[in-house]
Amino acid sequence: MAHPKRKTSKARRDKRRTHYIGSIATFMECSNCGAPVLRHRVCSECGYYKGKLAVETEIAV
C-alpha cells in the first residue's frame, strides 16, 4: 500500500472538507400538544409519538 511522504497540513485537510455542510434541524408540531418537536422523536412535553403514548411523564405541580 502507498504511504504519504509528508504529513497533510491542517489547511490542506480543511480545504478538502469545505463541502461538508451541517443541516438545519427540522422541527414539527406535536400532534397531541402542539409543542415543537424534532422529527422522529418522542415529545418531551407530553410523551407522545405518532399519536400514541410512548413515555409516561410526571407533571410537577
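The values are calculated or read from the model by the stated rules, or taken from the named source; none is laboratory data. Everything numeric in this text was worked out from a predicted model, so none of it was measured. We place every Cβ from the backbone using ideal geometry, glycine too, and count neighbours over all the protein chains shown.
Some observations on this one:
- Filter result (part of a loop (DSSP other than H, G, I, E, B) and either surrounded by 10 or more Cβ atoms within 10 Å (Cβ to Cβ) or in contact with a His (Cβ under 9 Å, 6 or more places away or on another chain) (or both)) within region 18-39: C30, S31, N32, C33, G34, A35
- Region 8-42: number of residues that are within 30 Å of K52 (Cβ to Cβ) and of a type outside the set (D, E): 19
- Any chance V55 is surrounded by fewer than 12 Cβ atoms within 10 Å (Cβ to Cβ) and either at pLDDT below 95 or in a loop (DSSP other than H, G, I, E, B) (or both): yes
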